[in-house]
Amino acid sequence: MKSAVETLNPTRVKLTVEVPFDELKPSLDAAYKAIGGQINVPGFRKGKVPARIIDQRVGRGAVLQEAVNEALPQFYGQAVEEQGVRPLGQPEVEVTGVPTGEGDELAFTVEVDVRPEVTLPDYSSIKVEVDEVSASDEDVQERMTALRQRFGTLTGVERAAAEGDFVSIDLSATIGDEEIDSVTGVSYEIGSGNMLEGLDEALTGMSAGETKDFTAPLAGGDREGQDADVTVTVQSVKERVLPELDDEFAQLASEFDTMDELTEDVRAQAERAKKFEQGVQARDKVLEHLLETTEIPVPDSLVEAEVHSHLEGENRLDDDEHRAEVGESTRKALKAQFLLDAIVEKEEVQVSQDELIEYLVMSAQQYGMEPNEFAQAVDQGGQVPAMLAEVGRRKALASVLEQAEVVDSAGNVVDLNALNTEEDVEDATDDAEATEAAAMAAAQATAEETAETEEAADTQAQDAEVATDEAAPRDEQATPAGS
């Protein structure tokens, strides 16, 4: 087989492939066997029909078409590998020559979008400025209040409910004469806003035993978004009583003996949290700098397919203004992905099993799922390559951040490495040890698939079914990078 590649533009190439008849013959033999097993010819057992009889019955051309259809993905894959092409979507194929006998060749061309080449800058030349940060008394007070709330108690009150109170309520929702849902004895914190729209406003000012009707869009179910008539009844009202800020509380809520020691520690935590915020700002600014100073072409077909999918999911295909907004954000996200993937390759970034587990645990917490359950869902959904790629991109950006110069608005050099202390990690992950243990089994099974799945992802288009006459473009979407 011979192949050649022509660059049509920075994100699209054209492959020209010629295959000798001898290399196509195994596929031709397979086509005869497949067709012979499908037709009935008097005097011959099914599957034992000679090739010349099949030619007479279905035509030599039909057999050749079957053989070419079967062989094209294989030869396309070989051409991609030979030419070092990295396809991003399904190829558009045109067969330009079909062999009819010995000495003839199968010839076809393929146009396909490819991953762009990205020329990366010198990371040490990057300089970004971030905000100067310090923990204020308000920051300390906010953290202390949150700590008090963890140790607060709920006490019943004989008054109207107010924001921050906990109420036990009965709820029912109807549309017309149909009852959609009803619950009783549900505990709800007024002001949390995590149930029905308008519920907080309805409950504020209500007392135990009172009932109120209001209209709200349903938050879930088959009729999500439809307005329903809601009836809420308050069974009880409780307020959260916070403990006094004294040495007794310090001993209850921490390992410290005095309130002064606890306050000092809370202030240190607030300082670390601010430094983490500064680190996030530095990371985002470094990425923005790279995107602004690096030429990164993006295939229009990828952008259009992603935008179409997004708008179709929102049922907003005719919203041109929203289409433009989604198109801009999608193009930027794809640029970020290509950029970070290029850094992954240049820096030879590897993702360890521990790093994958850590990311699984963090993601599970964000989705409010048990780590083991989340890891199994990722595995079953075939999302292992996407998660590995995301962890790799995060590591790649971190490696650039280490080499860049970061200063605050006062001109002070920001040492981001100072954030990576053991104490900071413990504060950030909290009870990660327990959740990591739950995720370990599934994550190990997931990690074992990485070599195979990464290889499959790199040659994603090789297994695409290709029509011999034409192949309509249907791009496989790259996943926008999260940073």
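Each value in this text was obtained by applying a stated rule to the coordinates, not by laboratory testing. Worth saying up front: this structure is predicted, and the values here are computed from it rather than measured. Every residue, glycine as well, gets a Cβ built from its backbone with ideal geometry; the counts of neighbours run over all protein chains shown.
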Relative to the Cα centre, what is the charge dipole magnitude of segment 153-241, using +1 at the beta carbon of each Lys and Arg, -1 at the beta carbon of each Asp and Glu, and rounding to the nearest 20 debye? 460 debye
Of the listed pairs K346/K395; K14/K346; K2/K25; K274/K395, those with alpha carbons more than 20 Å apart are K14/K346; K274/K395
Which one of G103, I180, S136 is farthest out on the positive end of the charge dipole of segment 99-182, using unit charges on Cβ (Lys, Arg +1; Asp, Glu -1) and the Cα centre as origin? S136
Summing +1 for each Lys or Arg and -1 for each Asp or Glu, what net charge is found among the other residues whose Cβ lies under 10 Å from the Cβ of V13? 0
The farthest towards the positive end of the charge dipole of the chain, of the residues L120, I190, A410, given +1 on Cβ of Lys and Arg and -1 on Cβ of Asp and Glu, is L120
With only Lys, Arg, Asp and Glu charged, each at its Cβ (+1 for the first two, -1 for the last two), find how big the charge dipole of segment 260-304 is about the Cα centre; round to the nearest 20 debye. 120 debye
Within 10 Å of each candidate Cβ there may be at most 16 other Cβ atoms; applying that plus a DSSP loop requirement, which GluC sites (Glu not before Pro) in segment 276-355 survive? E295, E347, E348
If exposed means trypsin sites (Lys or Arg not before Pro) lying in a DSSP loop and surrounded by at most 16 other beta carbons within 10 Å, then the longest stretch of the chain lacking such sites spans residues 317-473
For segment 166-226, shape from the Cα gyration tensor axes a ≥ b ≥ c, cut at a/c of 1.5 then a/b versus b/c, turns out prolate
3J(HN,Hα) from dihedral phi, segment 343-349, Karplus parametrisation 6.51/-1.76/1.60, rounded to Hz, x for glycine, proline: 5, 4, 5, 5, 8, 6, 5
Computed from the coordinates I sent, volume of the Cα convex hull per residue in Å³ equals one of [x] 157; [y] 238; [z] 141. Tell me the label. [y]
Explain nothing, just compute: Karplus ³J(HN,Hα) = 6.51 cos²θ - 1.76 cosθ + 1.60, θ = phi - 60°, for every residue of segment 42-50 in order, whole Hz, x for Gly and Pro. x, x, 10, 6, 4, x, 10, 6, x
